1. Which of the residues spanning region 129-152 are over 19 Å from R300 (Cα atoms) and surrounded by fewer than 19 Cβ atoms within 10 Å (Cβ to Cβ)?
2. Please count how many residues of region 262-292 are open to solvent by less than 40 Å² (accessible area, probe 1.4 Å), of a type in the set (S, T, N, Q) and within 30 Å of A118 (Cβ to Cβ).
3. Restricting to region 137-163, name every residue that is touching a Leu at 6+ places or on another chain (Cβ under 6 Å) and within 16 Å of the ligand (Cβ to nearest atom).
4. If I ask for residues that are touching a strand residue (DSSP E or B) at 6+ places or on another chain (Cβ under 9 Å), within 11 Å of the ligand (Cβ to nearest atom) and outside any helix (DSSP H, G or I), which ones from region 167-185 would you list?
5. Search region 164-192 for residues being among the charged types (D, E, K, R) and either within 21 Å of the chain's Cα centre (by Cα) or farther than 19 Å from G214 by Cβ (or both), and hand back the single one that is surrounded by the fewest Cβ atoms within 10 Å (Cβ to Cβ).
6. Does P295 meet the test of being modelled with pLDDT under 95 and open to solvent by less than 70 Å² (accessible area, probe 1.4 Å)?
7. Any residue at all in region 270-280 that is in contact with a Gly (Cβ under 9 Å, 6 or more places away or on another chain), more than 30 Å from C101 (Cα to Cα), away from the ligand (no atom under 13 Å from the Cβ) and not in a loop (DSSP other than H, G, I, E, B)?
8. Would you be able to say whether some residue in region 89-102 is of a type in the set (A, V, I, L, M, F, W, C), modelled with pLDDT under 95 and in contact with a Pro (Cβ under 9 Å, 6 or more places away or on another chain)?
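The values are calculated or read from the model by the stated rules, or taken from the named source; none is laboratory data. What you see is a predicted model, and the numbers here were worked out from it, not measured in a lab. Ideal geometry is used to build each Cβ from the backbone, glycine not excepted, and the neighbour counts take in all protein chains shown. The area values use the complete protein model at the heavy-atom level, side chains included, leaving out ligands, DNA and RNA. Shrake-Rupley method; radii C 1.70, N 1.55, O 1.52, S 1.80 Å.
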Amino acid sequence: MDDLFQNSIGAATRFCAVYGQPIRHSGSPAMHNPALAKLGLDWCYLAFEVSPDALGQAIEGARAMHFAGLNLTVPHKLLAVDLVDALDESAKTWGAVNTICFEVKNDSGDWTPLGQVAGPPSGEVRAKGYNTDADAITLALQQDLGLSLAGQRVLLLGAGGAGRVATLKLAAEGVAELHLVNRTTAKAEQLAGEIAARFPQTKAVVGYPENIAGKIDLLLNATSLGLKPGDSLPLDESQFSLANAPAVFDMIYQPAVTPLLAKAADAGCRTANGLGMLLWQGAKALEIWTGQAAPIDVMRAALESHITSDE
Ligand code: ATR
């Protein structure tokens, strides 16, 4: 509870927020508020349950109230591409927006983050969309599993929003071989086609490696299976044995140890959950809004304590 009172809210306080549905278990406020306090900023980070059909209105509301920025989570990242005024290269490349920075024109006529302008803004405010998720995936894989991806073989479970960005980013990093598995096979096939067109140096195959004993370098779960108690494993163990994956990454960070990660650890794999991804995407967003280096240690510690304190 202490974190709630780290930032004292006043009439000059600037706001950021995350929008999603559901949002109740988001770790973003717990991570950002101590970071804003550490930077000495009179800012506050909130979370709102926003339905997809109200997303446009909710972005307009934040713009009108001079929020510094927004994060967007499930199910808004694709919708937001068409709701912002400008797209950063990152959002164009990955086709999804998880961060919005509100901007105003400075004295030289250049668009500048509203959070970096003193006093109330005058003139037009625009919403610029960024994607900080894709870089966060590779950073987390490097930092938490010591992986450099070029030339590796990866089994990727899930071809939803998160799975799509992960797949494209891994291909952009020069992964040699991607095995794509998804409940709805058509989505994995579409993704494999996209890889073939955009990243022809990566071989993208739909389905598990043909030989059950076939070695891979990384198994990555980007499905939502493991979030809820009683979820089945995202992996079909009759098709692939965890003994053949030296490293397993689960994008889920709550629970901290999903059934997949528990099994993987038992099988002797190096494992990491999605905390690092949440951390790095949030750190980049904070830097975009504030223009200051994110206090990574504060953010990581806050996230870890948020996750362990959640029932
Ligand atoms: P996100 O943006 O978090 O990726 P999403 O786009 O809804 O969310 O994707 C959820 C992923 O989890 C998808 O790969 C989904 O499979 P489908 O594309 O077939 O829907 C997968 N998923 C969700 N529930 C699942 C279940 N019960 N069994 C298998 N896969 C499931």
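1. If we filter region 129-152 for residues that are over 19 Å from R300 (Cα atoms), which is where we start, we get 129-131, 147-152.
Once the filter is applied, which keeps residues that are over 19 Å from R300 (Cα atoms) and surrounded by fewer than 19 Cβ atoms within 10 Å (Cβ to Cβ), region 129-152 yields S148, A150, G151.
2. 2
3. Within region 137-163, V154, L155, L156, A159 qualify.
4. Within region 167-185, L180, V181, N182 meet the criteria.
5. Within region 164-192, the first condition is being among the charged types (D, E, K, R), and the residues that meet it are 164, 169, 173, 177, 183, 187, 189.
Next cut, either within 21 Å of the chain's Cα centre (by Cα) or farther than 19 Å from G214 by Cβ (or both) only: 164, 169, 173, 183, 187, 189.
Numbers: R164: 23, K169: 21, E173: 21, R183: 13, K187: 17, E189: 16.
Of everything passing the filter in region 164-192, R183 is surrounded by the fewest Cβ atoms within 10 Å (Cβ to Cβ).
6. Details: modelled with pLDDT under 95: no; open to solvent by less than 70 Å² (accessible area, probe 1.4 Å): yes.
When the stated conditions are applied, P295 does not pass them.
7. yes
8. Within region 89-102, not a single residue is of a type in the set (A, V, I, L, M, F, W, C), modelled with pLDDT under 95 and in contact with a Pro (Cβ under 9 Å, 6 or more places away or on another chain).
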